[in-house]
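Following: one structure in structure tokens, then a few remarks.
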Amino acid sequence: MEKSKWVKTLFRAILEGDEYIESEPIIGYEMFRKLQITNIEVKIDKIITITVTLERPGLLIGKAGRTIDELTERLSKRLNDKVEIIIKDSEIWN
């Protein structure tokens with residue numbers, strides 16, 4: 001599997017839960033659906049940069065940034081590489 005596809009799969013598995021990849025999800029299936037993710041882009045250089053575009057960024061960030069910090073930490077451990085997550089709101093504000 002291409003590394004960028006693996007990163008996307010791992011990203012989802014850690015958040016939502018997957019019995020084969022990650023047994024303890026950060027937010028679970030129902031909350032994952034509420035995020036309304038519209039796009040995930042992965043760029044692999046010296047660090048792995050994941051850009052997530054979604055409708056409800058506050059849910060992914062979590063209270064005091066705990067959810068996004070835990071996600072970044074788990075991804076870094078599993079990939080043995082530094083991970084940066086960029087969050088974009090998919091709504092256009094006028």
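The values are calculated or read from the model by the stated rules, or taken from the named source; none is laboratory data. Note that the structure is predicted; figures quoted are calculated from it, not measured. Counting neighbours? That spans all protein chains shown, and the Cβs are built from the backbone with ideal geometry, glycine included.
Against the condition within 19 Å of Ile87 (Cβ to Cβ) and within 11 Å of the chain's Cα centre (by Cα), how does Leu71 come out, does it pass? Full working, then the answer.
On the way: within 19 Å of Ile87 (Cβ to Cβ): yes; within 11 Å of the chain's Cα centre (by Cα): yes.
Yes; evaluated as a whole, the condition is true for this residue.
Here's the yes/no breakdown for (1) surrounded by 12 or more Cβ atoms within 10 Å (Cβ to Cβ); (2) at pLDDT 90 or above; (3) not in a helix (DSSP H, G or I):
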residue	(1), (2), (3)
Phe11	yes, no, no
Ile14	yes, no, no
Glu24	no, no, yes
Ile27	yes, no, yes
Lys43	yes, yes, yes
Gly58	yes, yes, no
Ile68	yes, yes, no
Glu84	yes, yes, yes
